[in-house]
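Right, one structure below, let's go through it.
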Amino acid sequence: MDSECVSLLPRVCKVLADSGSLPDDTSLEKLLDWFTMLIKTGESVLESCPCVTEFISTVVCNTASEPSVLSFTLKLTGLLAATEDGFLTLQECSALDQAFSLQHWQGAGLWEDPCLRIGWIQGLKNSLQHPKALSFFVQSDFIQPLIQLQTDTSLFVAAAANQMLADVLLLFQPVSSSGCNSMDEKEEKVNGRTLHASNIDLEQPAVTMETSAEYTAVVKVVSQYLKESIVPKGNTQLQKTKQTLKLLALLLAQARPPLRDELLQTVSGSLEEVVTAGYSQLTLPLLEVILAAYSSSRTESVLVQRVGSLLSSMLNINKPAEVIQAAAAFLRSGHHDTTHTPQAVRILLLPLDIITGHTLLGTDVSDDQQFTRADHLTNKTSCISLICTCLTNTSNITLVPSGLLPCPPALIITAVLSLMRICRGVSTSSSSGCGDICRNVIGSGKVQKCALDALTFLSSSPGAKEKISEVFTVLVKYLENPDSEPTVIHKTYQAIIKWISVCTDFSFITDQLRRDLVEVVKKRVCDMRWEVRDSTVEFLGHLAGVSVSLKSAEEVCSASEALLGGCSTTPLLREALQDTESYVRASAVSSLAKTLTHSWQQGAAHTQEETEIVSRLLEILSKDTEGFARRAVVQYFIAWFSTSSSASHLTQSVHSVVSQGSADLDWEVKFHTLELAELLMDEIFSGRQGYRKSLDTHHDAQHPYGVVSEQAYTLHTHKEEVASDLSRVLKNLVEQGVVSVLLSSVIDCDRPVALKACQLLITLRQTVCPLLLGNQDASTETIDRVSCELPGWGWGLEIRKILGIKKSNDAQEMDMMAKVETGEECAVEGGDSVTVGLCEVLGSLGLDNMLDVLTQSSDHIHNSPLSLLQDILTARAANTSSDTHPGQEVIVDCY
């Protein structure tokens with residue numbers, strides 16, 4: 001522990017022990033975090049800071065303390081008692097007994113405060129890390145109040161008590177002889193929480209069944225509580241049952257035999273009673289318990305059979321809404337067997353079977369089930385709910401082995417397409433008596449969206465390719481429908497992209513289908529709703545970005561060519577660049593990049609159309625009021641520069657992009673501009689020894705000359721030639737504006753921007769500086785003469801100030817004084833630009849120190865235990881000062 005913190009801690013403890021409260025309770029949580037960190041690192045807090053023991057004893061005896069301070073003290077007590085040494089120290093001074101005595105808190109009238117109850121629970125939970133603490137827990141009979149807190153009026157208290165009770169049983173359970181991990185390993189997973197050996201003084205299981213009657217008593221008490229609490233005594237106790245089921249699911253999922261078997265043996269009768277009673281509100285909590293038991297059972301025992309019977313009962317509830325929830329939850333769990341999986345699939349497909357008239361289930365469904373479901377579907381609200389649940393779980397149905405499905409997956413696709421037609425009012429069910437059901441879903445955007453999602457999932461199902469023509473026909477009709485909601489249109493586009501990406505034969509695309517699609521896209525790109533225009537523009541970009549194989553298998557083209565034929569989408573996207581909505585403009589820019597990628601890759605000649613596009617993009621970058629479009633513009637040039645096989649025609653526009661982008665107010669635009677600058681550096685220095693494309697780690701930054709040895713040999717061999725060539729490269733980099741961008745960005749107020757710029761400047765220094773090592777002869781003068789201009793305002797002035805500070809640090813005060821006396825200093829500050837050597841700048845900016853600061857979090861200066869302790873003392877002093885006016889806020893500036 002830091003010596004300054006040790007010196008301040010007694011004063012902090014005294015402040016906290018006073019009856020007054022802090023202005024900000026979060027400081028207590030942060031203080032607890034600090035103590036937790038100290039204990040994890042092996043620090044003996046009670047030994048190095050005896051004031052903490054005194055603090056705990058004082059606070060727990062002072063019932064006038066604020067509840068927040070009392071809660072903090074209880075949590076801290078448990079944390080310190082997590083080690084055997086700390087436990088013994090606290091027990092010797094009776095602080096442990098006093099802190100966790102219910103009679104003490106109840107007698108003082110403080111137990112009614114949920115803040116104190118939370119502290120009591122979490123404090124005890126923190127302490128249960130070794131046998132002595134577990135024995136203390138049992139001997140103090142804390143199991144009974146913990147059980148009572150399961151149904152506490154405070155949900156936070158009840159949840160914490162629920163979790164702790166599970167932890168207690170899992171910590172007490174003996175080592176399994178079947179090879180399960182025990183607590184003598186380096187790490188033990190308990191209830192999803194990793195207990196580290198460094199924090200637990202425990203080399204054996206906490207308690208074993210053979211030696212501890214206490215364990216048996218605890219398990220018996222908890223098991224009996226679970227048994228009695230599972231069956232609700234009327235609707236008023238349903239919340240208590242839910243909480244009990246949650247606890248039981250937690251235990252069954254993580255307990256090992258024999259604990260798991262004992263729990264199941266005790267509660268199975270109660271579970272059967274609740275399942276039979278058919279409480280709608282308990283369907284999902286019940287199923288979670290059953291699935292937890294089902295997944296953890298590995299042997300064919302009577303218990304396993306009882307669990308299987310419970311699961312079957314859940315899947316046979318004669319309540320459509322509940323049974324479909326149970327079936328969906330079962331499939332989501334990922335467990336498949338030959339009995340329950342087909343049953344769950346049939347339950348989910350039955351509503352779709354009824355409404356579409358397709359025989360998805362064959363004859364394997366009873367007339368009673370058919371009638372009950374059909375009757376439930378006549379109500380519009382329940383009909384839409386059941387159908388959407390069915391469609392939403394289609395993705396889980398597609399994961400079921402085909403042998404467990406009641407019908408081929410292709411037939412499910414056909415049923416979904418029929419449902420989509422019914423939603424548009426085009427088709428009615430082929431089964432008699434379903435007209436009312438069909439009317440319930442006509443025009444339902446919710447059903448349409450779920451059906452489109454289901455259709456997207458089904459694209460990879462066996463037999464899907466045979467349905468692709470029918471799928472596209474329905475999807476195009478959805479795009480043409482004037483009543484389609486914007487989200488429905490968006491999902492329709494997504495479905496088209498998904499289906500065409502898995503398509504291998506495009507013979508299904510008739511000329512009529514192509515014309516229909518082209519026509520509807522042209523209409524939708526001018527839709528009155530901007531969301532539709534945006535989705536359409538995005539769709540055109542996605543189409544261009546998907547490569548498909550034609551029938552020859554050797555010929556590859558974009559999905560746009562395959563689906564839209566000779567229709568050029570570029571004019572549509574150019575028009576969208578003028579859209580009034582910024583999202584649409586941004587999508588148009590991105591889609592243009594994807595559309596033109598193929599021509600860039602082929603090195604096609606620069607067209608007049610592309611020149612006009614670039615002009616419009618530069619206009620957006622300089623004048624658009626929204627950041628989305630400006631970000632997209634810089635990314636467009638990044639894509640162009642990365643893809644083009646001949647980027648020479650980009651030269652004229654690059655300087656404008658980097659200069660405008662680096663001066664943007666949006667930090668993402670500036671960051672993307674630096675990515676473009678990095679690409680320029682990669683191209684300019686391509687193939688040159690010593691250049692690395694990125695600064696991989698902070699370690700590299702600390703050793704910028706780590707790769708000089710091999711490079712130095714080559715450079716000394718052809719030093720003059722390399723220096724001359726590198727001089728030309730550096731001048732090119734300056735002329736492109738890359739150096740100005742890096743220098744202006746390295747002092748940017750947005751940390752990601754400054755960090756990226758600093759890394760690139762160090763990369764540049766690593767490439768240039770090795771040539772300057774050794775003797776400064778005439779061959780290096782060419783590099784020295786490469787210069788850049790620093791303006792006398794803004795970033796240029798800041799960089800010049802840094803360079804001036806560096807000169808002072810280099811003991812060149814006389815030179816600086818001479819400049820001031822001659823008036824030269826005024827020129828530097830007054831706005832005239834100055835020219836400086838590039839290498840001098842790279843060597844004098846202190847880039848390594850900058851990188852050290854930038855790679856730390858933005859609050860690293862104030863985020864410290866010392867700052868926290870100082871803030872607590874300052875806030876307390878200000879709060880008690882006579883100069884503080886009533887109602888005046890005292891700010892705790894802790895991290």
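The values are calculated or read from the model by the stated rules, or taken from the named source; none is laboratory data. As the structure is a prediction and not an experimental result, all values here were calculated from the model. No Cβ is skipped: glycine too gets one built from the backbone with ideal geometry, and neighbour counts run over all protein chains shown. Accessible surface areas use protein heavy atoms only, side chains included; no ligands, DNA or RNA. Shrake-Rupley method; radii C 1.70, N 1.55, O 1.52, S 1.80 Å.
Observations
- Condition check for Cys526: outside any helix (DSSP H, G or I) and open to solvent by less than 20 Å² (accessible area, probe 1.4 Å): no
- In the set (1) surrounded by fewer than 18 Cβ atoms within 10 Å (Cβ to Cβ); (2) over 31 Å from the mean Cα position of the chain (by Cα); (3) modelled with pLDDT under 85, the condition left unmet by Tyr215 is number (1).
- Of all residues in region 597-611, those that are closer than 15 Å to Ser547 by Cβ and in a helix (DSSP H, G or I) total 5.
- One residue stands out in region 73-105 among those that are under 20 Å from Phe156 (Cβ atoms) and open to solvent by 10 Å² or more (accessible area, probe 1.4 Å): the one that is farthest from the chain's Cα centre (by Cα), namely Leu102.
- Candidates in region 594-630 are the residues that are surrounded by fewer than 24 Cβ atoms within 10 Å (Cβ to Cβ) and within 29 Å of the chain's Cα centre (by Cα); of these, the one that is farthest from Val654 (Cα to Cα) is Glu626.
- Count - residues of region 244-284 that are open to solvent by 30 Å² or more (accessible area, probe 1.4 Å) and more than 23 Å from Tyr215 (Cβ to Cβ): 10
- Condition met for Arg574 (in a helix (DSSP H, G or I), open to solvent by 20 Å² or more (accessible area, probe 1.4 Å) and modelled with pLDDT of 95 or more): no
- All of (1) open to solvent by 10 Å² or more (accessible area, probe 1.4 Å); (2) in contact with a Phe, Trp or Tyr (Cβ under 8 Å, 6 or more places away or on another chain) hold for Leu311 with one exception: (1).
- For region 314-366, filtered to residues that are within 22 Å of Gln448 (Cα to Cα), in a loop (DSSP other than H, G, I, E, B) and open to solvent by 30 Å² or more (accessible area, probe 1.4 Å), the residue that is modelled with the lowest pLDDT is Thr359.
- In region 638-655, the residues that are closer than 18 Å to Met681 by Cβ and either part of a helix (DSSP H, G or I) or at pLDDT 90 or above (or both): Ile638, Ala639, Trp640, Phe641, Ser642, Thr643, Ser648, Leu650, Thr651, Ser653, Val654, His655
- Flag if Thr241 is open to solvent by 10 Å² or more (accessible area, probe 1.4 Å) and within 27 Å of Ala217 (Cα to Cα): no
- Top-ranked residue of region 480-489 - restricted to ones that are buried (at least 20 other Cβ atoms within 10 Å of the Cβ) and modelled with pLDDT of 95 or more, ranked as nearest to Thr536 (Cα to Cα): Ile489
- The residues listed here are Lys40, Lys30; of these, the one that is in contact (Cβ under 8 Å) with a residue 40 or more places away in the chain, of a type outside the set (S, T, N, Q), more than 25 Å from Val157 (Cβ to Cβ) and open to solvent by 20 Å² or more (accessible area, probe 1.4 Å) is Lys40.
- Inspection of region 454-464 identifies at least one residue that is open to solvent by 30 Å² or more (accessible area, probe 1.4 Å), at pLDDT 90 or above and either more than 18 Å from Thr359 (Cβ to Cβ) or in contact with a His (Cβ under 8 Å, 6 or more places away or on another chain) (or both).
- Qualifying residue in region 238-252 (condition: in a helix (DSSP H, G or I), more than 22 Å from Thr151 (Cβ to Cβ) and among the polar types (S, T, N, Q)): no
- Every test in (1) open to solvent by 20 Å² or more (accessible area, probe 1.4 Å); (2) among the aliphatic types (A, V, I, L, M); (3) modelled with pLDDT of 80 or more is passed by Met209 save one, and that test is (3).
- Selection over region 480-525 of residues that are out of contact with any Ser or Thr (no Cβ under 8 Å at 6 or more places or on another chain) and either among the hydrophobic types (A, V, I, L, M, F, W, C) or under 19 Å from Ser444 (Cα atoms) (or both) gives a count of 16.
- Residue, farthest from Val12 (Cα to Cα), within region 70-92, restricted to residues that are among the charged types (D, E, K, R) and touching a residue at least 40 places away in the same chain (Cβ under 8 Å): Glu84
- Between Gln660, Gln635, the distinction of being at pLDDT 90 or above, over 32 Å from the mean Cα position of the chain (by Cα) and open to solvent by 40 Å² or more (accessible area, probe 1.4 Å) belongs to Gln660 only.
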